[in-house]
Amino acid sequence: MLKDYWTIFLRTILRRKLFASIHVVGMAAGLVACFFIALYVLDEYSYDRFHAHADRIYQIGLHSKLGELDVRRASVAPPLADAMLAEIPEVEATLRLNQWLKVVMRFGDKVVIEDKVLFTESNFFEFFSYKLVAGNPATVLKEPNTVVLTETTARKLFGDESPLDKLIVIGDGPDKVSYKVTGVAADCPGNSHLQFKVLLSPGPDSYFKLKEWLNSGVYTYALLRQGASIAVVEKKLEGIVTRHVAPKLQQFLGNTLEQVRAAGGTYAYFGTRITDIHLHSISQEDLEPGGSTTNSNALALIGLFVMAIACINFMNLSTAQSAGRAREVGLRKTLGSLRWQLIGQHLAESALYCFIAVALALVLCYSFLPAFNLLSGKALSLANLLDGKFILVAGLLLVLVALLAGSYPAFYLTSFRPVDVLKGDTSAGRGSKWIRSGLVVFQFAISIFLIIFTSIVYTQISFMQERQLGMDKENVLIIDAYRLGDNVAAFRDALMQQSGISAVSYTANRFPGTYNSFLMRVAGAEGEHRVASYYADYQSKEVLRFEMKEGRYFSNEFPSDSSAVVINEAAAREFGFKKLEGQEILHSPNAFVFLPYHVVGIMRDFNFESYRDKVRPLAIFLDRGPSGIVMARYEGNAREVVEQTAAVWNQFGSGEPFEYSFLDQNFDSVYRSEERMGQVLGLFSVLAVIIACLGLFALAAYTAEQRTREIGIRKVLGASVGSLLFKLTGEFVRLVLIAFVPAALAGWWFTAQWLNGFAYRVEIGVAVFLLAGAGAMVVAWLTVGYHAVKAASANPVKALRHE
């Protein structure tokens, strides 16, 4: 029987090569989309699950609401870990990390700059399950001033030599320290929220030893005992707050913890399971940018949509060819075949089509995996394709698609009565025309929806990149000058002499960034305000081209500007200033003193962080410097300016590596995740439209063939090519018009929800919807137009001889 099925399958393919090709190619294209999306989503949900005790490891964060500022931080105070071990029996072990964003490492003549550097404790490799290639996990970070390098970093410094027990110098200027290499770790898996290249053991003056409960910056993890509940631990953390933090808060705020809570405030620690950090973290300052459940779920839904379009193609083409297969079914029934046997035959054919499509899709996935990685920012490999979960997904898809795509044609084709079939009553599509039309509408509704959503995503990304920030981000070169030490001022002065450089300044803050908020008061008024702080010199306005709304910027013509402040419009609103003249604020740079500053200017709000959030109140204080970040505004060719700057650097750098970036690129990188999301959406939207058009192309071809005699008769009776063309294409175009309505409604709702995540966003205009609908209409018309023109232009004599 199986041999018989196989023979019939091969004959059907050879007889209908076009339709068989569209069957396989359309299904394979849908499966490629599904497979890529499955790889992406499975990777997103796999973060940190490789740790042996992933179900018991929690990151401890801080939720503080003091006044109007409501913040959840991923980092906490240094002494919390020791207090948890001593006072909470449910905690089995703790681990602390402290970030050192970028370091210079030296070994002999080799100089390497690395980011993702962490200070940590000796139990790191026992607490987590990162692989140690060389060294003892229990002792590798036990001694002070020891270092573990990843394999990639070790190769940069030592080549093929063994790095163990060698001394490397880490740091800049007077902060250089020698570290002994005691271990080499495998490179971090991509699906880890904690990415490191260098691990350093804490020294005798480690930040971990600081007993300041109001400080933060230490990422603290707790391993709970078997059966322990994080809710119980969080409850006991309240006791730690009461015993250790409350006295410090009262000293800092002048209010007791009870008074803070009575005013609607809070100060509480909370735990986040390590496997939830990537997708579900609600904290600021995470070690790595998190993912998005919204994006992952949206991609999964798109994958199902694309697969649905491919399945609909299969069903439509199979039922459309029912006339050709009906005689076969009638004869088989007459010869004694049972209906379940015939259904099995058609399901087997469907399974064979799907098996060929799956094989082709897997080959295409493997071939285009590097391109997909580049597009999505992932590091997927052959190992991901061979992963058990992915194989299970692929197998389930094969079965599901075979059943979905083959079930309706199988039941429909086997429903013909032998008597009717043998009499020639095989009107293909008579009983299934409405279903086929409905499926085409569904296909194009999905396609138009994807076009609308993708267009809005791209429009929002362009808006974020091109919108006026309140400053000029173009043509600004940023140089990391920390390692110049006392030569920063001389470097800045020398840079000012270069042609093409119009202004140079230094600052301690990076753009864009998240700036610490400090308590501030309005002189002579009650209440406190949390305001972000930025330190800049006299030339910062010329470099960044801030727009002043009122007053002036800092000037060395005013010696009193050492105690002056410039604020943005958001800060003026926060302080309740109606006018600038005579305003003074009190600024608390530490926990114990408020210093007076007179307000000399109010600048226009500008985005110093991200468009996802509204512009926060900001106060700019004079930085007499020199600080470690130098910014230069230039004119002309960027490459020439970089070469000039590097030459000046070499005069003062004493062999220190020269690092730079551009301000506009730094801002663009903030929206990289949205940009990648838009690219992935765009890819699958185009794929969905192509698959839908493939099905429409084949359906139009079959419809034109079935109506050959009708077209011939109409031409003999005087019908023009134009009227025939309109008649043949009108039905399909009408279906696209119907599909536009649900697609537009769904597109409007979903894009509105997505845009709610941005404080500054584009308006959803009618033009996007009309263009998407018109585009789909044109594509549909061109798709069916080829067959329509061919049929309408055919010789009527040949048409009347058809069949």
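Between A86 and E288, what is the label-to-label distance in nm when each label sits 7 Å out along the Cα-to-Cβ direction?
So the label points at A86 and E288 sit 3.4 nm apart.
At a Förster distance of 51 Å, what's the computed FRET efficiency of L167 paired with Q259, Cβ-Cβ distance as r, to 0.05?
0.40
May I ask you to order 496-504, 556-564, 296-304, 615-623 by the average number of other C-beta atoms within 10 Å around their residues, highest value first? Numbers along the way, then the final one.
Working: 496-504: 15.3, 556-564: 12.4, 296-304: 18.1, 615-623: 22.2.
Ranked by mean Cβ neighbours within 10 Å, highest first: 615-623, 296-304, 496-504, 556-564.
Can you work out ³J(HN,Hα) from phi for every residue in the stretch 436-442, in order, using Karplus 6.51 cos²θ - 1.76 cosθ + 1.60 and θ = phi - 60°, giving whole Hz and x for Gly and Pro?
4, 4, x, 5, 5, 4, 4
Which whole number in µm²/s is D for the stretch 57-280 by Stokes-Einstein, with the Kirkwood Rh taken over Cα pairs at 20 °C and 1.002 mPa s? The partial results should precede the final answer.
On the way: Rh = 18.9 Å.
Calculated translational D: 113 µm²/s.
Using the Cα centre of the stretch 57-280 as origin and beta-carbon charges of +1 (Lys, Arg) and -1 (Asp, Glu), tell me which of G254, I277, S216 is placed farthest towards the positive end of the dipole.
The residue sitting farthest along the positive end of the dipole is G254.
Taking every alpha carbon pair in the stretch 504-577, what does the distance histogram look like in 10 angstrom bins from 0, in percent?
Computed distribution, short to long bins: 15, 48, 34, 4.
If we sort 237-246, 536-545 on the protection proxy, mean other Cβ atoms within 10 Å, highest first, what's the order?
Descending mean neighbour count gives 536-545, 237-246.
Could you run the Karplus curve 6.51 cos²θ - 1.76 cosθ + 1.60 with θ = phi - 60° over the stretch 118-134 and give me ³J(HN,Hα) per residue in whole Hz, x for Gly and Pro?
The phi angles translate into 10, 7, 8, 10, 5, 8, 4, 7, 8, 6, 9, 10, 5, 7, 9, 7, 9 Hz.
Compute the distance in nm between two label points, each set 7 Å from the Cα along the Cα-to-Cβ direction, one at N756 and one at T266.
The answer from the label model is 2.1 nm.
Out of I620, A503, F577, whose Cα points farthest toward the positive end of the dipole of the stretch 476-668 (charges: +1 Lys, Arg; -1 Asp, Glu; placed on Cβ)?
Positive-end residue among those listed: F577.
Counting only Cα, what are the radius of gyration and maximum Cα-Cα distance Dmax of the stretch 16-117, in Å?
Here Rg and the maximum Cα pair distance are 24.9, 77 Å.
Which whole-angstrom value gives the distance between the alpha carbon centres of the stretch 50-113 and the stretch 535-601?
Value for the Cα centre distance between the two parts: 35 Å.
How do S229, S407 rank when sorted from fewest to most other Cβ atoms within 10 Å of their own Cβ? Each step should come with its number before you reach the end.
Details: S229 11, S407 15.
Listed from fewest to most nearby Cβ atoms, that is S229, S407.
Once both labels are modelled 7 Å past Cα along the beta-carbon direction, what's the E143-E526 spacing in nm?
Spacing of the two 7 Å Cα→Cβ label points: 6.1 nm.
Between Q284 and residues 5 or more places away or on another chain, which pairs have amide H atoms under 5 Å apart, with H built 1.01 Å from N, and which residues are they?
Under 5 Å from the amide H of Q284 lie the amide H atoms of R72, R73, A74, each far enough along the sequence or on another chain.
Chymotrypsin sites (Phe, Trp or Tyr not before Pro) within the stretch 106-180: which are DSSP loop residues with at most 12 other Cβ atoms inside 10 Å?
none
What net charge is computed for the residues neighbouring N487, neighbours being all others with C-beta under 13 Å from the C-beta of N487, Lys and Arg scored +1, Asp and Glu -1?
Value of the local net charge: -2.
Name the long-range amide H neighbours of A503: under 5 Å, sequence gap of 5 or more, or other chain; modelled H, no Pro or chain starts.
Under 5 Å from the amide H of A503 lie the amide H atoms of R633, each far enough along the sequence or on another chain.
Exactly which GluC sites (Glu not before Pro) in the stretch 61-130 are in a DSSP loop and have at most 13 other Cβ atoms within 10 Å?
Taking the stretch 61-130 and a limit of 13 other Cβ atoms within 10 Å, the loop GluC sites (Glu not before Pro) found are E68.
All of the numbers you see were taken from the coordinates with simple rules; none came from a lab. Not measured: the values here are computed from a predicted model. Note that each Cβ is placed from the backbone with ideal geometry, even for glycine, and that neighbours are counted across all protein chains shown.
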